Amino acid sequence: MTHATTIPMNDLSRALDRDKDALTRAAQSVFDSGHVVMGPQHDAFQDALAEYWGVDTVLGVASGTDALELAIRAAMPAGKSAVLTAANAGGYTSVAARRAGFRVRYADVDAVSLCVSGATVAEAMDGDVGVVVVTHLYGNVTEIDDLVREAHRVGVRVVEDWAQSIGARKPNGTTGITGDIAATSFYPTKNLGAVGDGGAVATNAADFARTLVQLRQYGWDTKYHVAVAGGTNSRLDELQAAFLNLRLPMLDSFGERRRYIVERYARAAQGGPIRVLPASGPHHVGHLAVARTGDRASVRTRLSDLGVSSDIHYPIPDHRQPGFQVPPLSLPVTELAAEEIFSLPCFPELTDDEVDAVCTAIEALK
Ligand SMILES: Cc1ncc(COP(=O)(O)O)c(C=O)c1O
């Protein structure tokens, strides 16, 4: 029997409704300013996010996928031709690396973090790899100090994908990034969501910053003078920057609410057939509430009958995607996770009643 109302995985209309007046005023200020790209809102947002994130430079770009592509292009050492990454992170890095003309290799993930680790990267590394991309999955910033140290020792650069974890601290509690360049997305469902597409790259290295500035605008160092190959047009427009300036001060409270929701689900699941991955601590911003079970299909059907939506992030690992045409490869931890994981509703605007109802449904599985 299907439930009368269904708790959604996300509902963007709630955040738009909450912010409607402020967003309208922000849009009006852009219209009044006469700037539509690379104007004062854009510059202010870059500075504000750099300060918040604890990095020297943030550059706005048009999407998270563009951010990854530009970061990979800027980071790739001369003479190298491959990117090593996880196969369980939605395929965005695979798309970006392939668009940049590089081959993609896959490392398995750690069984607890479901992110690549120093050990899994070491196992998959070879001489062609010039860039390792670490995706901080589900909102959790994974520990990569050793991974970065070892990569740098052999001349490999590290790009971090913060699209799902923006707003989190590093595992040691400090702000900032550990790798050479970080990429993030402002896709509307992200913790820091725009009202359309957007993304950013971040770095503490002046030489990478200079290259990234050039790559996002046709490869120019000065107007109409192409200094670097591989440039494109990828800019964060002034309207999105204005909306993001408005929402950046709310990011911490969004993260807190998401963490609270995931922890409620984790407690409700104790002793039952599903295990909700924990999201406690400032290194986790609860982007997704991910659970594991060996009995996924029937659990999801039961939840659906109880009025709870669910989804899978992500059902098909990159090395099994027909369009990527990856030669046969075995990644046991990645493959098992892809069969067991599913995500529960988790966004800041879920009401307390809805969170209670999801917990009741989780308890009913026992
Ligand atoms: C981990 C991760 N990286 C990259 C992206 C790509 O960002 P965009 O959709 O802005 O291109 C996303 C989501 O969309 C993501 O979840």
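Quick one: how many residues across segment 257-299 are in a strand (DSSP E or B) and closer than 20 Å to Ala168 by Cα? Qualifying residue count for the region: 4.
Identify all residues within segment 54-68 that are within 16 Å of the ligand (Cβ to nearest atom) and touching a Gly at 6+ places or on another chain (Cβ under 9 Å); write none if there are none.
Taking segment 54-68 and keeping what is within 16 Å of the ligand (Cβ to nearest atom), we get 58-68.
Listed by number, the residues that qualify are Gly60, Val61, Ala62, Ser63, Gly64, Thr65, Asp66, Ala67, Leu68.
Just one residue in the set Arg149, Arg169, Arg153, Arg157 is within 16 Å of Phe254 (Cα to Cα) and away from the ligand (no atom under 15 Å from the Cβ); that residue is Arg169.
Across segment 91-107, the qualifying residues are those that are closer than 17 Å to Trp162 by Cα and open to solvent by 30 Å² or more (accessible area, probe 1.4 Å), and the one among them that is farthest from the ligand (Cβ to nearest atom) is Val95. Residues in segment 291-305 that are open to solvent by less than 50 Å² (accessible area, probe 1.4 Å) and over 30 Å from Arg105 (Cα atoms): Val299, Leu303. Condition check for Glu335 on (1) open to solvent by less than 40 Å² (accessible area, probe 1.4 Å); (2) closer than 28 Å to Phe254 by Cα: one failure, at (2).
When you check Val116 against the structure, is it assigned to a loop (DSSP other than H, G, I, E, B), open to solvent by less than 20 Å² (accessible area, probe 1.4 Å) and in contact (Cβ under 8 Å) with a residue 24 or more places away in the chain, yes or no? Break it down stepwise before answering.
Details: assigned to a loop (DSSP other than H, G, I, E, B): yes; open to solvent by less than 20 Å² (accessible area, probe 1.4 Å): yes; in contact (Cβ under 8 Å) with a residue 24 or more places away in the chain: yes.
Against the criterion (assigned to a loop (DSSP other than H, G, I, E, B), open to solvent by less than 20 Å² (accessible area, probe 1.4 Å) and in contact (Cβ under 8 Å) with a residue 24 or more places away in the chain), Val116 qualifies.
Gly176 - would you say it is in contact (Cβ under 8 Å) with a residue 40 or more places away in the chain, open to solvent by 30 Å² or more (accessible area, probe 1.4 Å) and under 30 Å from Ser234 (Cα atoms)? No, not satisfied. Restricting the first member to segment 308-326 and to residues that are under 19 Å from Ala96 (Cα atoms), and the second to residues that are open to solvent by 30 Å² or more (accessible area, probe 1.4 Å) and not in a loop (DSSP other than H, G, I, E, B), the beta-carbon pairs closer than 7 Å and six or more apart or on different chains are Pro317/Glu335; Asp318/Phe324. Taking the conditions (1) in contact with a strand residue (DSSP E or B) (Cβ under 6 Å, 6 or more places away or on another chain); (2) open to solvent by 30 Å² or more (accessible area, probe 1.4 Å) in turn, Asn245 satisfies each one other than (1).
Within segment 180-200, can you find the residues that are surrounded by 24 or more Cβ atoms within 10 Å (Cβ to Cβ) and away from the ligand (no atom under 12 Å from the Cβ)? Answer for segment 180-200, where residues must be surrounded by 24 or more Cβ atoms within 10 Å (Cβ to Cβ) and away from the ligand (no atom under 12 Å from the Cβ): just Ile181. Just one of (1) surrounded by fewer than 20 Cβ atoms within 10 Å (Cβ to Cβ); (2) away from the ligand (no atom under 15 Å from the Cβ); (3) not hydrophobic (A, V, I, L, M, F, W, C) fails for Arg73. It is (1). Residues in segment 313-323 that are part of a loop (DSSP other than H, G, I, E, B) and open to solvent by 30 Å² or more (accessible area, probe 1.4 Å): His313, Tyr314, Pro315, Ile316, Gln321.
Checking every residue in segment 203-213 against the condition of being modelled with pLDDT of 95 or more, open to solvent by 10 Å² or more (accessible area, probe 1.4 Å), in contact with a His (Cβ under 6 Å, 6 or more places away or on another chain) and over 11 Å from Ala71 (Cα atoms) gives zero matches.
Taken together, Ala82, Ala87 contain a single residue that is away from the ligand (no atom under 12 Å from the Cβ) and touching a Pro at 6+ places or on another chain (Cβ under 7 Å), which is Ala87.
Of all residues in segment 23-36, exactly one satisfies the criterion of being within 17 Å of Gly60 (Cβ to Cβ), exposed (fewer than 15 other Cβ atoms within 10 Å of the Cβ) and either of a type in the set (A, V, I, L, M, F, W, C) or without any contact (Cβ under 8 Å) to a residue 24 or more places away in the chain (or both), namely Val36. Restricting to segment 119-139, name every residue that is buried (at least 24 other Cβ atoms within 10 Å of the Cβ) and out of contact with any strand residue (DSSP E or B) (no Cβ under 6 Å at 6 or more places or on another chain). If the condition is that a residue be buried (at least 24 other Cβ atoms within 10 Å of the Cβ) and out of contact with any strand residue (DSSP E or B) (no Cβ under 6 Å at 6 or more places or on another chain), then His136, Leu137 are the ones that fit.
Going through (1) within 16 Å of the ligand (Cβ to nearest atom); (2) touching a Phe, Trp or Tyr at 6+ places or on another chain (Cβ under 9 Å); (3) not hydroxyl-bearing (Ser, Thr, Tyr) one by one, Gly130 falls short only on (1). All conditions but one from (1) closer than 18 Å to Asp110 by Cβ; (2) part of a loop (DSSP other than H, G, I, E, B) apply to Pro327; the one that does not is (1).
Cβ separations smaller than 9 Å between residues 6+ apart or across chains give no pair from segment 122-134 residues that are among the basic types (Lys, Arg) to residues that are surrounded by fewer than 18 Cβ atoms within 10 Å (Cβ to Cβ).
The values are calculated or read from the model by the stated rules, or taken from the named source; none is laboratory data. Keep in mind it's a predicted model, so treat the numbers as computed, not measured. Positions of Cβ are generated from backbone atoms using ideal geometry, with glycine treated the same way; all protein chains shown enter the neighbour counts. Quick note on the areas: whole protein, heavy atoms, side chains included, nothing else; ligands and nucleic acids left out. Shrake-Rupley method; radii C 1.70, N 1.55, O 1.52, S 1.80 Å.
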